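Computed from the coordinates by the stated procedures, all read-outs in this text should not be read as laboratory data. Since we're looking at a predicted model, the values are computed, not measured. When we count neighbours, we look across all protein chains shown, and the Cβ atoms used for this are built from the backbone with ideal geometry, even at glycine.
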Amino acid sequence: MPAADNPLSISLLALPETTPSALYGLFEVLGAVGVAWTELTGEETGVRRFEPRIVSRCREPFRSALGVPVAPDAALQEIATPDVIIVTDLALDTGLECLASWDAEVTWLKARFEAGAMICSVCTGSVLLAEAGLLDGMEATTHWGVTGVFAQRYPAVHLRPERILCPSGSEHRIVTAGGSSSWADLALYLVARFSGPAEAARIAKVFVLGDRADGQLPFAAMARPRDHGDAVIGRCQRWLGDHYDERNPVASMVAMSGLAERTFKRRFKRATGYAPIDYVQALRVEEAKQMLETSGAPTDEIALLVGYDDPAFFRRLFKRSTGVTPARYRKRYRHLGMAMPAEDLQ
């Protein structure tokens with residue numbers, strides 16, 4: 001995976017027909033890669049960041065198809081070699097007269113693809129890719145409402161309208177996404193592919209993306225440690241970060257602090273906002289989440305690894321903390337690491 005100081009350049013291609021939700025949603029979410037999780041939790045990730053920019057035929061601001069202003073960061077001729085280009089959903093007129101005005105964008109897309117860029121689309125943005133001939137002979141998906149357009153105008157495309165994401169071509173350099181809200185699925189796919197599945201899971205948690213049937217608890221993470229200025233408690237917290245799996249870590253921290261037990265517990269709560277045992281349990285649950293997201297270890301084994309001899313107690317604690325069982329939690333996030341074959345991760 002490329003170094004964190006080599007950001008992935010992403011051009012979000014905006015046309016007069018562009019609708020704003022996916023355009024600005026992608027801009028915000030992709031720009032948060034490698035940044036938002038650290039701001040929320042204090043945990044440094046060191047992953048490759050993304051550098052999204054809105055590009056258009058001209059730099060001049062214009063109103064999108066729904067009237068929301070779009071202010072491009074650059075004109076097409078100013079963007080020579082983006083790593084990724086994304087065409088978001090387009091409001092198509094009934095007779096498709098708009099297609100005749102896309103010559104500049106079609107030419108630019110074809111040239112950038114030949115130069116090695118990855119080309120993606122969301123929803124009806126796939127029509128621009130098809131118009132450029134980039135989908136000929138490829139599997140692709142789109143919004144169900146324009147399947148007729150593809151059948152009549154782009155018969156060489158192997159349309160898969162039942163799919164949400166459809167990576168195609170050599171090295172999966174063409175990726176189409178289905179309906180307009182599938183921009184979030186595309187975003188997580190790109191994060192997993194270029195910055196790793198763990199960062200994709202973090203981004204999903206930050207923006208509460210994915211299945212929300214169980215509420216927000218499955219997305220929540222332990223809050224950033226307070227800058228409390230208590231050196232004794234801070235030293236105990238640092239020790240706990242490496243010894244949370246010990247049998248009685250609270251007793252060990254009390255002994256380390258040199259304080260009376262009641263005094264230690266009072267100072268710990270004042271400094272961190274947690275009672276010591278609650279802090280230990282929260283830290284253990286966070287570690288268990290990481291293992292569930294990134295490994296295939298059985299739940300009972302994970303319980304032991306984070307410090308619980310009783311797997312049933314661990315399951316109850318985990319569900320109370322996250323709102324879901326360990327098995328359901330794993331199912332929610334493990335798919336982010338399986339969005340593409342391992343050889344496609346860059």
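Label separation (SER295 vs THR81): 4.1 nm, computed from points 7 Å beyond Cα along the C-beta direction.
Listed by Cβ neighbour count within 10 Å, with the fewest neighbours leading, VAL122, VAL254 appear as VAL254, VAL122.
Rounded to whole numbers, the Karplus 3J(HN,Hα) couplings from phi for the stretch 70-77 are 10, 10, x, 7, 7, 8, 3, 5 Hz, using 6.51 cos²θ - 1.76 cosθ + 1.60 with θ = phi - 60°, and x at Gly and Pro.
The mean sequence distance of close C-alpha pairs (under 8 Å, at least 6 residues apart), as a share of the length of the stretch 213-292, puts its relative contact order at 36 percent.
Restricting the calculation to Cα atoms, every distinct pair contributes to the Kirkwood radius of the stretch 219-335, found to be 14.9 Å. Taking 0.36 nm per residue of sequence separation and removing the Cα-Cα distance, the ILE277/ILE164 pair yields an extension gain of 36.3 nm. Given the stretch 1-112, report the % of alpha carbon pairs whose separation exceeds 20 Å. The proportion of pairs with Cα distances above 20 Å equals 46 percent. Size descriptors for the chain (Cα atoms only): Rg and Dmax, in that order, 24.1, 80 Å. Amide H to amide H, with H built 1.01 Å from N, MET138 comes under 5 Å of HIS158, counting only residues 5 or more places away or on other chains. Restricting the calculation to Cα atoms, the stretch 24-177 shows an Rg/Rh of 0.99 when the hydrodynamic-style radius is the Kirkwood one.
The loop-placed GluC sites (Glu not before Pro) in the stretch 24-105, going by DSSP, that have at most 10 neighbouring Cβ atoms within 10 Å of their Cβ come out as GLU44. Using C-alpha pairs below 8 Å separated by at least 6 residues, the relative contact order for the stretch 236-346 is 22 percent.
Between 0 and 90 degrees, the angle of helix 311-322 with respect to the longest Cα principal axis of the chain falls at about 60 degrees.
What number does the stretch 156-278 give for Rg over Rh if you use C-alpha atoms and the Kirkwood radius?
Using only Cα positions, Rg/Rh for the stretch 156-278 is 1.24.
Ellipticity at 222 nm from helices only: DSSP H runs of n ≥ 4 in the chain, each -39500 (n - 2.57), divided by the residue count, give -13000 deg cm²/dmol.
For LYS319, a cut-off of 18 angstrom between C-alpha atoms picks up these lysines, skipping any fewer than 8 places away in its own chain: LYS205, LYS289, LYS331. Spacing of the modelled spin labels on TRP144 and ARG212, each 7 Å from Cα toward Cβ, amounts to 2.2 nm. Ranked by the mean number of other Cβ atoms within 10 Å per residue, highest first, peptides 160-166, 125-131, 51-57 order as 125-131, 51-57, 160-166. Ignoring aspartates and glutamates fewer than eight residues from LYS110 along the same chain, the ones with Cα atoms less than 15 angstrom from its Cα are ASP83, GLU131, ASP136.
The string of couplings for the stretch 132-137 from the Karplus curve (6.51, -1.76, 1.60, θ = phi - 60°) is 7, x, 6, 9, 4, x Hz, one whole number per residue in order, with x for Gly and Pro.
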